[in-house]
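Below is one structure, written out as structure tokens; the observations come after it.
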Amino acid sequence: MFITVLRALNSGFLRSLEIFALTLLGALPLGLLLSLGSMSRFRPLKYAVKLVVWIVRGTPLMLQLLVVYYGPGILLGDNWWGGGAAGRFTAAALTFIFNYACYFSEIFRGGIEGVPAGQREAGQVLGLTNRQIFFRVTLLQVVKRIVPPIGNEVITLVKDTSLVRVIAVYELMWEGQSFIKASGIIWPLFFTGVYYLLFSGLLTVLLGRLEKRLGYFKV
Amino acid sequence: MKKMLCTLLALTMLFLLAACGQQGAAGEAGDLAYVKDKGTLIVGITDFAPMDYRGDDGSWIGFDADLARAFAASLGVEAEFLEIDWDNKLLELNDKNIDCVWNGMTLTEEVLSSMGCSEPYWNNAQVVVLKKELAAEVKDVESLSSLRVAVEAGSAGQAAAEEAGLSITALLTQADALMEVEAGTSDACVIDLSMARAMTGEGTSYADLVYELSLTEEVYGVGFRQDSELVAAYNDFYAKAWADGTVQAIAETYDVADFVIG
């Protein structure tokens, strides 16, 4: 029994990990783009980005999953996701990427605006272009500042992956719960906690190391 | 070293938690006295028309809700309704958050072996729901084989669909399975006849859906804790209520007289 449960939980955990990894890969660059948009001097772009960030941060992620996956079929009469497992997974991953990108964008914005103006000015004095200043002076300092808040979001993301079951993507918690439904066995559901704990523990250690490595330049 | 110790501790605690859950599953004597003492019968339900759903004033109505109130009154206690996550019904029951599961529950092998179940009071079937334009093409079970079929995870509908060899997607609830069909993310769903009747066709949000073809027949019952005296008390109550026409009268109210059995 224990082996059967572990096998099911492992397959669910793998699905959770896929969502987790894809979200980070997509949301970090997209978040940087959005943060640049929200600081743009071109007003319409700035307010458009702020509106989108407000909507995404202001509604539950679970609702966003339902709207993104079922919305096209119900509201537009055209389900463009296809019905298979691949369509569900794609919809879930895209929703997660966009949702987390919005949170990341605000963290990036805070990090970028927090770099002292003197750093920029020093760059200008040295004759660097705006692009050079951003990538070689500002961004490096931003990375160091934002590791703790981004780490917070990363840990939250581990647990948020459990939401994808509302559109029938079979992640870890779904697999754990399925034993209650199928055979009245309760412990697998609680045991999923071990997976989440161990994985977030590992991430905590990795994030701590990253922070230390970035400690070489004191601002 | 410290981290390892912490991990070990966390593991042990989780196992203890799981063990507690299993101990609670054992039946207990004096369930009837327990309910009478606290003066309430807590009924675990989900929003599931026509069995339990909210009336215009927000209170719970429906065939099961009305019958549950009558049963509670016969014990001299109040019926209280608690909406639960259907997947966790056994957990809620054994933890005494609810005293019975009474919500059009199909008496499956699993339910019969894990709960104290009443005599069946309702005849039901698992039917295939699909869009009108697709319905013409569906004649028998074989013609379903190319379709993507949504079901509620762990439901009688899932068992029936698996039995018929359909390619299924399991959702959290039957309502989600219906929404899949409406959104076109699944071609059809297999749900209870009673729900299909109440929620599809003219005058519902799913006016373009129809139900065809029943896969299996089944019965509903009320679930109590294992070895609870409430089972016998309920069966007595139901026999009397059937004999004096109370059951039939409630069934008439909700237009479900065809389903109810004595």
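Could you give every pair whose Cβ atoms fall below 6 Å, whose first residue belongs to the stretch B:167-188 and is of a type in the set (D, E, K, R), and whose second residue is assigned to a strand (DSSP E or B), counting only separations of at least 6 or pairs across chains?
Cβ pairs passing all conditions: B:GLU180/B:ALA150; B:GLU182/B:TYR206; B:ASP187/B:ARG148.
When only residues in the stretch A:107-145 that are within 19 Å of the chain's Cα centre (by Cα) and surrounded by fewer than 18 Cβ atoms within 10 Å (Cβ to Cβ) count, which is modelled with the highest pLDDT?
A:GLY110
Of the conditions (1) surrounded by fewer than 24 Cβ atoms within 10 Å (Cβ to Cβ); (2) aliphatic (A, V, I, L, M); (3) more than 14 Å from chain A (Cβ to nearest Cβ), B:VAL111 fails just one. Which one is it?
The one condition B:VAL111 does not meet is (3).
Conditions: (1) under 30 Å from B:LYS131 (Cα atoms); (2) of a type outside the set (Lys, Arg); (3) surrounded by fewer than 16 Cβ atoms within 10 Å (Cβ to Cβ). A:ALA93 meets all but one. Number of the miss?
(3)
Quick test of your reading of the structure: B:SER186 fulfils all but one of (1) part of a loop (DSSP other than H, G, I, E, B); (2) over 20 Å from B:ALA160 (Cα atoms). Name the failing condition by number.
The failed condition is (2).
Hand me the list of strands (runs of 3 or more DSSP E) wholly inside the stretch B:39-106 holding 3 or more residues that are touching a residue at least 12 places away in the same chain (Cβ under 8 Å) and within 14 Å of chain A (Cβ to nearest Cβ). Walk me through it before giving the result.
Working: elements: B:40-45, B:78-83, B:100-106.
Where strands (runs of 3 or more DSSP E) fall fully within the stretch B:39-106 and carry at least 3 residues being touching a residue at least 12 places away in the same chain (Cβ under 8 Å) and within 14 Å of chain A (Cβ to nearest Cβ), they are B:100-106.
Pick out the one residue from A:GLY111, A:GLY123, A:GLY176, A:GLY82 that is part of a helix (DSSP H, G or I), closer than 25 Å to A:ALA27 by Cβ and in contact with a helix residue (DSSP H, G or I) (Cβ under 9 Å, 6 or more places away or on another chain). First the steps, then the outcome.
Values: A:GLY123 fails: closer than 25 Å to A:ALA27 by Cβ; A:GLY176 fails: closer than 25 Å to A:ALA27 by Cβ; A:GLY82 fails: part of a helix (DSSP H, G or I).
Selected residue: A:GLY111, the only one of A:GLY111, A:GLY123, A:GLY176, A:GLY82 that is part of a helix (DSSP H, G or I), closer than 25 Å to A:ALA27 by Cβ and in contact with a helix residue (DSSP H, G or I) (Cβ under 9 Å, 6 or more places away or on another chain).
Scan the stretch A:64-75 and report the pairs whose first residue is more than 10 Å from A:ILE167 (Cα to Cα) and within 9 Å of chain B (Cβ to nearest Cβ) and whose second residue is crowded, with 19+ Cβ neighbours inside 10 Å and among the aliphatic types (A, V, I, L, M), with Cβ atoms within less than 7 Å and a gap of 6+ or a chain change.
Listed pairs, sorted by first residue: A:GLY73/B:ALA183; A:ILE74/B:ALA183.
Take the residues in the stretch B:241-257 that are in contact (Cβ under 8 Å) with a residue 12 or more places away in the chain and in a loop (DSSP other than H, G, I, E, B), then tell me which one is surrounded by the most Cβ atoms within 10 Å (Cβ to Cβ).
Restricting to residues being in contact (Cβ under 8 Å) with a residue 12 or more places away in the chain and in a loop (DSSP other than H, G, I, E, B), the top hit is B:TYR254.
The values are calculated or read from the model by the stated rules, or taken from the named source; none is laboratory data. Everything quoted here is computed from the prediction, not taken from an experiment. Methodologically, a virtual Cβ is constructed for each residue, glycine included, from the backbone with ideal geometry; neighbour enumeration extends over all protein chains shown.
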